[in-house]
Amino acid sequence: MEATYAILVRWFPALAGWPTWAVVLLSAGLPALVLFHFMALMPLVYVYAERKVSAFMQDRLGPMRVGPYGVLQTVADAIKLLFKEAVFPRGVDRKLFVIAPLLVNVGAFLPFVVIPWGARLQPADLNVGIFYVSAISALSTVGLIMAGWASNNKYALFGAMRSAAQIVSYEIPSLLIILVPVMIVGSLSLQDLVLAQQGGLSRWFLFRYFPLMPVAFVIFFVAALAETNRAPFDIPEAESELVAGFHTEYSGFFFSLFFLAEYTEMFVVSAVASVLFLGGYLAPLPMLQQIGPIALGSFQLGPIALGWFWLWFKAWVLVFVMMWLRWTVPRARVDQLMYIAWKVLLPISLGLVLVVGALVLRRSTANGFSWDRWFGWPLTLLVVGFLFAVMVRALLWNRSRGRELGASGSPSPVQVWR
Amino acid sequence: MSSPAAGWARDWDEDGLDTDEMVVNVGPQHPATHGVLRLELRTDGEIVRAARPHIGYLHRCFEKHAENVDYPGVMPYADRMDYVASMGNTLGFALTVERLMGIDPSPYVQTIRVLMAELQRIASHAVAVGTYTMDIGAFTPFLHLLRDREKILDLFEWTCGARLLYNYNWVGGVSHDLPDGFIRAARDFLREFDSVTFPELLDLVIHNRIFVKRLANVGVCPPELAISYDLTGPNLRGSGLPRDLRKDAPYTSYQQYDFEVAVGAGQYGPVGSCYDRNWVRVVEMRESSKIVHQALDRLETMEKADVHETVPKRVKPPKGEIYFRSEAPRGQLGFYLVSDGGITPYRLKVKSPCFTAMSAFHRLARGMMLADVIALVGSLDIVLGEIDR
C-alpha cells in the first residue's frame, strides 16, 4: 500500500492533499482491483489448459472450434455460464444456497493478500502470513458444507460431509509441514520465508536437509491435492458416485463460482508450495532475477524485475502436475483417504517436525546438512533430466507409433472407404 | 427445516447422539448406473446397510414382440437386447432357430460368425473395462478403450453398414459377405490393439496401485454363491470357475480354435472380488484377439462361399421347442423357443446373463461402502437393455 501510495503521489502530486480515507481507499483499492482481476481471469486459462492437457492425454484434440486452437472456448463457456438461469430447486435454503459459493470464493481469493510476487510486490506483508493463508483458506470448507446442507440433496450432503472430513484431516499434516520451513526461518511472514532461500537453486528449502525436505514437499503437495479436492482425492465431487457432490444442485452463475474457486485454490496452494519450498519469486540462478538494465542508445530500459514471472512459472508447473495426476490416476475411497492422512502422512510429518526442529537447533546444521551443497544440484539435475527423458521418450513413442500405423503404405481400406 | 437430514436433527435432540439411516436413490439417472438401473440404498453414513435394485425402466416387450413378427423380423429386436454386444445376441438367436430347423451353415459362414462374435467381444469388454475405470475415477483409459472400440465398429460398419445394431447374423447365414481388404484391415487393428492398447491398459490401469487397492477385497463372490445365484460368463469365471460354453459345449466350430478360458486369479486378494471379474474381461480381450487371428488365418486360406447359401426362403421351423445357449460377452445367453410350425415364434423366452448377475447384487452389496457399490455394479457389467428386454 505504501509503495502504491508513493507511486501515485509521484504521478499525481495533488493526491497528497486529499483526505486520508480517500488516499487509503485509492492506494489500497487500486492494487486490489488489479490483482483480483488478474486472479479471477486466470481460471479461464487454467480451464483451457486442463482441457487441452486432458485431451492430449486421451488421444483427442480438445477444444478446437472457438478461436485458433479453441483458445476462446473457456471465454465462451464462462459467458454461457453467466447468462444461464440459476435454478433454485424446491426445498433449497435460499440464503445459504447463495452465500455458500461466495464464501468458498472468499477462502480461495483472500490468500492472495500475502503472496509475494517480488521483494516489494506484495499486497500486504503480514507477520503471520502463512498462518493467515491456512486459516483463511479453511473458510472455504465452511462454504462447501453450507452448499451441501442448503442444497436439500442427499448427494450434496454426502459430498459436503466427505469434504469436511477430508479437509480437516489433511489440514493437519499440511500445517505440520508448513512448520518445517517456518522453524528454519523463524518467521511466519511469506516475505521472510522467500528471502531466507536467497542464493540460487541450492538454497531453496526443497534442496536443504537432503532426504528430509523433498519428503516434506511431497507430503505438502499431497495434502494440497486433498485440500483442493483434486484427483486422486476428489471424493467430495466424485462424479461416478455422488453425481457432482456438493455442487450437484448448482447451476449457472453460482456453479461457475464453485468452478472459479476450485481453480483459484489450485493456484493458491501451488503458489504457497513454491513459496515454502521452491524459493517463491526467486530465480533458480541469481542472475536471472531481473532483466537489464539494457541501454538502448540514450534510453535505458529496465532493470525489469522478474520475480512475478518466477513465482507464476513455478506455480504453473505445480498446477500442471496436478492436472497430469487428475487425468492419470483413479480415485481413492473415503476410508483409504483417511488412512493416508492419519496413518501415513501425519506420523511422517510429525517425525519431520521433530527431526528438522532438532537439526535447526544444532548450530552446525542450522541451515542444512553439509552435503546439501553436493546433493542439491545433482538432485535437481537428476529430476530435470528424468522429466526431460520422459518427455523425449513420449514424443519418440508418438512418432514411432504414427510411423508404424502409416507403415502399411497406403491408408487402411476402411479409411479409403470412408 | 428444509434439509434432507431434518429427521436426524430431531432425533439428535431427543436421544442424545443418535443417527438414522438414510435412503439414497442411485439412478435411474446417475452417471454410474450403466443405463437406467435404479438402486435403492439404505445407508448409514458411508456404509450401505441394504441395497435393492429396481429394474424395468427399459422394458420393451421383446418377448411379446417376438410372438408377432416372423423369425427374420425378430433379429433386429434381438440386436436391441444387449446393445453393447449385438453380434452375440443375434448369433444366439440365429443358432437357436437353425438348430430347430436343422440348418448347418457352411464353414465359411461359421468362421465369419466367430470372427464377428469375437471382435464384438473385444469391443464389448472394452466398453465394460473402460466404463469400469471411469467408475473408479480414472477418466483417461475409458477414452483410450473407446478409441479401439471405434475401430472395431468401423470394421462392422464397413461390412454391414451399421455401427451398433447390425442385424448381421441371419437364420442360415449372415447378411453380407466380408468386403475385400477386410482381413488386412482387421489385422491392422489387431496389431495396434495387441501391441499398444492392451499392454498400456495393463500397465496404466489394471496393475495401478490405487485401482488394485480399490477393488481387490471388494464384493467378493465365492464360487458357491456364484453358482447358487446362477452367475455366468466373466462374473462366474471371476470366482475362479473355468466355465465357458465355447469350451464346454462348443457351437459354430469353436472347438477348432485355440484359446484359454480366463479365470479370476486372485493376484491381489481373495478370488471372486471385483478386481477378478474385471481381470477376466481384460484377459478375455487378449484371448478373443487370439481367436480373431486364427479366424483370419482360416479365412485367408478358405474359398469364398455364398453367405446366403443356406438361408431359407421362408423361415418356418417345424413344430417343436428348443433351448439353446451361447456364450455372449456378458455370459450365457439362452433362448427358449417354442414353434407351432408357423412363421412367427409361438413363444420365445430369453435367459439373460445380466438379469441373473443383478440377482446377486443385493447379497454382495450389503455392508459395503457407497463407493464400493458403484464398483460392484460396474464389475457385474450389466446392460439394462438385456435385463429388461
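Take the conditions (1) among the polar types (S, T, N, Q); (2) free of Cβ contacts under 8 Å to residues at least 12 places away in the same chain; (3) surrounded by 14 or more Cβ atoms within 10 Å (Cβ to Cβ); A:S298 misses just one of them, which is (3). Within the option set B:V307, B:V283, B:V315, B:V292, being without any contact (Cβ under 8 Å) to a residue 24 or more places away in the chain, surrounded by 19 or more Cβ atoms within 10 Å (Cβ to Cβ) and out of contact with any Lys or Arg (no Cβ under 7 Å at 6 or more places or on another chain) holds for one residue only, B:V283. Taking the numbered list (1) surrounded by 13 or more Cβ atoms within 10 Å (Cβ to Cβ); (2) in a loop (DSSP other than H, G, I, E, B) in turn, A:R65 passes all entries but (1). For B:T111, state whether it is part of a helix (DSSP H, G or I), modelled with pLDDT under 90 and either of a type outside the set (A, V, I, L, M) or surrounded by 24 or more Cβ atoms within 10 Å (Cβ to Cβ) (or both). No; evaluated as a whole, the condition is false for this residue. Scanning for something in contact with a Phe, Trp or Tyr (Cβ under 8 Å, 6 or more places away or on another chain) and either under 24 Å from A:P330 (Cα atoms) or surrounded by fewer than 20 Cβ atoms within 10 Å (Cβ to Cβ) (or both), does the stretch B:235-243 turn up at least one residue? Checking the stretch B:235-243: at least one residue is in contact with a Phe, Trp or Tyr (Cβ under 8 Å, 6 or more places away or on another chain) and either under 24 Å from A:P330 (Cα atoms) or surrounded by fewer than 20 Cβ atoms within 10 Å (Cβ to Cβ) (or both).
On the given criteria, is A:F207 touching a residue at least 24 places away in the same chain (Cβ under 8 Å) and within 14 Å of chain B (Cβ to nearest Cβ)? No.
If you filter the stretch B:146-167 down to residues that are in a helix (DSSP H, G or I) and away from chain A (no Cβ under 12 Å), you find that the one that is nearest to the chain's Cα centre (by Cα) is B:R149.
Within the stretch B:176-199, track down each residue that is assigned to a loop (DSSP other than H, G, I, E, B) and in contact (Cβ under 8 Å) with a residue 24 or more places away in the chain. Residues satisfying the conditions are B:H176, B:D177, B:L178. Taking the criterion of being buried (at least 24 other Cβ atoms within 10 Å of the Cβ) and away from chain B (no Cβ under 14 Å), the residues of the stretch A:225-256 that qualify are A:E227, A:T228, A:H247, A:Y250.
Here B:Y251 qualifies as of a type in the set (F, W, Y) and under 19 Å from the mean Cα position of the chain (by Cα). The residue list A:V92, A:V113, A:V98 contains one member that is among the β-branched types (V, I, T), surrounded by fewer than 21 Cβ atoms within 10 Å (Cβ to Cβ), over 21 Å from A:L175 (Cβ atoms) and modelled with pLDDT under 85, which is A:V92.
Annotation for the stretch A:200-221: at least one member residue is among the polar types (S, T, N, Q), over 16 Å from A:L352 (Cα atoms) and surrounded by fewer than 24 Cβ atoms within 10 Å (Cβ to Cβ). Inside the stretch B:254-303, residues that are under 21 Å from the mean Cα position of the chain (by Cα) and charged (D, E, K, R) make up a count of 8.
Any residue that is outside any helix (DSSP H, G or I), charged (D, E, K, R) and surrounded by 14 or more Cβ atoms within 10 Å (Cβ to Cβ) - is there at least one of those in the stretch A:317-333? Looking through the stretch A:317-333, at least one residue is outside any helix (DSSP H, G or I), charged (D, E, K, R) and surrounded by 14 or more Cβ atoms within 10 Å (Cβ to Cβ).
Among the residues making up the stretch B:347-382, those that are part of a helix (DSSP H, G or I) and away from chain A (no Cβ under 14 Å) are B:P353, B:C354, B:F355, B:T356, B:A357, B:M358, B:S359, B:F361, B:H362, B:R363, B:L364, B:L380.
The single residue among B:V218, B:V205 that is within 12 Å of chain A (Cβ to nearest Cβ) and part of a loop (DSSP other than H, G, I, E, B) turns out to be B:V218.
Residues in the stretch A:123-136 that are surrounded by fewer than 24 Cβ atoms within 10 Å (Cβ to Cβ) and in contact (Cβ under 8 Å) with a residue 12 or more places away in the chain: A:P123, A:A124, A:D125, A:L126, A:N127, A:V128, A:F131, A:Y132, A:S134, A:I136. Each residue in the stretch B:36-47 was checked for being touching an Asp or Glu at 6+ places or on another chain (Cβ under 9 Å), in a loop (DSSP other than H, G, I, E, B) and more than 10 Å from chain A (Cβ to nearest Cβ), and 1 pass.
The values are calculated or read from the model by the stated rules, or taken from the named source; none is laboratory data. Worth saying up front: this structure is predicted, and the values here are computed from it rather than measured. Glycine also receives a Cβ, built like all others from the backbone with ideal geometry; neighbour counts cover every protein chain displayed.
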